[in-house]
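Just so it is clear, none of the values below were taken in a lab; they were calculated from the coordinates. Quick caveat: nothing in here was measured; it's all calculated off a predicted structure. When we count neighbours, we look across all protein chains shown, and the Cβ atoms used for this are built from the backbone with ideal geometry, even at glycine.
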Amino acid sequence: MKVLLVFAHPERHSLNGALRDVAIKELEAHGNEVEVSDLYAQGWKAAVDREDFPSLAPSEKLQVAHASGREFASRTLTPDVAAEQEKLLRADVLILQFPFWWFSMPAILKGWVDRVYSFGFAYGVGEQSETRWGDRYGEGTLAGKRAMLLVTTGGWEEHYSPRGINGPIEDLLFPINHGILHYPGYDVLPPFVVHRVDRFDEASFAPVAEGLRERMRTLSSTLPIPYRKQNAGDYHIPTMELRTGLEQAGLSGFALHSNSTGA
């Protein structure tokens with residue numbers, strides 16, 4: 001199995017760095033091939049701008065989706081973006097590893113998504129009609145592959161519980177899991193989240209490391225989050241609203257878009 005780990009932490013000698021080493025060592029010990037995109041070490045350019053679109057005329061207005069699609073179709077994307085797309089196509093599994101800063105991913109990782117997920121590659125794919133609204137949310141370029149988040153937080157686990165002041169971690173990560181990973185087709189595994197990392201010592205690290213090793217050993221068998229597929233009949237097209245009668249008792253909001261019954 002080929003695994004791409006996108007690492008977004010500015011300090012290699014950090015808890016995140018140690019978790020990265022644990023994950024890679026365990027994966028390779030079981031015969032997997034691991035490729036790493038270390039965004040800070042690579043000096044990844046985060047902001048989308050005119051430099052990303054070589055064929056854009058100086059006098060032409062920048063429309064990012066249009067320009068992105070044109071460069072993708074003509075194979076003239078910048079080399080750094082093209083290289084990351086090739087990594088995604090090679091990998092069977094994608095792992096995004098990052099500290100949870102201000103209720104989101106670090107800017108450098110968001111910039112990786114903004115630039116690498118070009119039109120024609122991760123969105124703007126497939127037929128759009130009265131019965132189908134493109135290949136997305138469970139379908140698309142990356143369908144059949146798996147993805148997961150490896151996330152650290154400074155707060156307590158209780159802070160991210162259903163009654164916690166920060167809100168449930170499942171809801172806070174939904175825009176990434178559903179909107180960034182499931183959107184272009186990935187089967188999304190439950191995230192591996194480590195809390196209170198600023199207070200870690202060796203005794204705290206040992207059980208977390210073993211839990212991460214177990215997750216790496218079971219990447220191919222862990223059941224994904226049961227997100228609904230867009231074109232499987234659960235949504236009205238083109239309004240993309242969940243059909244009446246599919247609600248599950250007691251669920252609302254983001255939870256509506258998972259089908260825990262398997263029906």
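With +1 assigned to the C-beta of every Lys and Arg and -1 to the C-beta of every Asp and Glu, and no other charges, what is the dipole magnitude of the chain about the Cα centre in debye, to the nearest 20?
So the magnitude is around 240 debye.
Please identify, among Asp135, Asp114, Asp187, the residue showing maximal mean-square fluctuation in a Gaussian network model of the chain using a 10 angstrom Cα cutoff.
Asp114
Multiplying the sequence separation of Ser129 and Ser221 by 0.36 nm and subtracting their Cα-Cα distance, what value in nm do you get?
29.6 nm
Relative contact order for the chain: what is it in percent, counting Cα pairs under 8 Å that are at least 6 residues apart?
19
Just going by the charge dipole of the chain, with Lys and Arg at +1 and Asp and Glu at -1 on Cβ, which of Ser118, Val197, Leu19 is farthest out on the positive end?
Ser118
Mind checking which of Leu94, Leu181, Leu251 has the largest fluctuation in a GNM of the chain, springs on alpha carbons under 10 Å?
It is Leu251.
Output wanted: per-residue J couplings in Hz (rounded whole) for segment 220-233, from phi through Karplus 6.51 cos²θ - 1.76 cosθ + 1.60, θ = phi - 60°, x for Gly and Pro.
Once θ is set to phi - 60°, the couplings for segment 220-233 become 7, 10, 4, 5, x, 4, x, 5, 6, 8, 4, 9, 8, x Hz.
For His195, which sequence-distant residues (separation of 5 or more, or a different chain) have an amide H within less than 5 Å of its own amide H, given hydrogens modelled in the peptide plane?
Under 5 Å from the amide H of His195 lie the amide H atoms of Thr153, each far enough along the sequence or on another chain.
Can you give the net charge of the other residues whose Cβ lies under 9 Å from the Cβ of Lys45, counting K and R as +1 and D and E as -1?
-3
Arranged by the count of other C-beta atoms within 10 angstrom, fewest first, what order do Lys110, Lys145 take?
Ascending number of Cβ neighbours within 10 Å: Lys110, Lys145.
Can you list residues from other chains, or at least 5 along the same chain, whose modelled amide H is less than 5 Å from the amide H of Val34?
Close amide H contacts, sequence-distant or interchain: Val3.
Can you give me the distance in nm between label points at Ile165 and Gln63, each placed 7 Å from the Cα along the Cα-to-Cβ direction?
4.7
Mind scanning Lys25/Lys110; Lys25/Lys145; Lys87/Lys145; Lys145/Lys229 and naming the pairs with a C-alpha gap bigger than 24 Å?
Lys25/Lys110
Select one label from [x] 44, 39, 39; [y] 50, 40, 32; [z] 58, 49, 38: the one whose number is Cα extents along the principal axes in Å as derived from the coordinates shown.
[z]
In deg cm²/dmol, rounded to 500, what helix-only [θ] at 222 nm does the chain give when every DSSP H run of at least 4 residues adds -39500 (n - 2.57) and the total is split over its residues?
-8500 deg cm²/dmol
So how far, in whole Å, is the C-alpha centre of segment 187-207 from the one of segment 68-116?
25
Could you line up Phe72, Phe200 from fewest to most neighbouring Cβ atoms inside 10 Å?
Phe200, Phe72
Pick from Ile165, Ile176, Ile225 the residue whose mean-square fluctuation is largest in a GNM of the chain, springs joining Cα atoms under 10 Å.
Judging by the Gaussian network model, the answer is Ile165.
Taking +1 at the Cβ of each Lys and Arg and -1 at the Cβ of each Asp and Glu, which of Ala82, Leu223, Ala46 sits farthest along the dipole of the chain towards its positive end, judged by Cα position relative to the Cα centre?
So the residue we want is Ala82.
Give the residues of segment 1-31 whose amide nitrogen is closer than 20 Å to a point set 7 Å from the Cα of Lys110 in the direction of its Cβ.
6-11
Which one of His159, Leu251, His9 is farthest out on the positive end of the charge dipole of the chain, using unit charges on Cβ (Lys, Arg +1; Asp, Glu -1) and the Cα centre as origin?
Of the listed residues, the answer is Leu251.
I'd like the antiparallel share, as a percent to the nearest 5, of DSSP beta bridges with both residues in segment 2-224.
Here the share of antiparallel DSSP bridges comes out near 10 percent.
Can you work out ³J(HN,Hα) from phi for every residue in segment 99-104, in order, using Karplus 6.51 cos²θ - 1.76 cosθ + 1.60 and θ = phi - 60°, giving whole Hz and x for Gly and Pro?
So the J values, rounded to whole Hz, are x, 7, 9, 6, 6, 6.
Provide the per-residue ³J(HN,Hα) series for segment 49-54, in order, calculated from phi with Karplus coefficients 6.51, -1.76, 1.60 and θ = phi - 60°, each as a whole number of Hz, with x at glycine and proline positions.
Values per residue, Gly and Pro as x: 8, 4, 5, 6, 10, x Hz.
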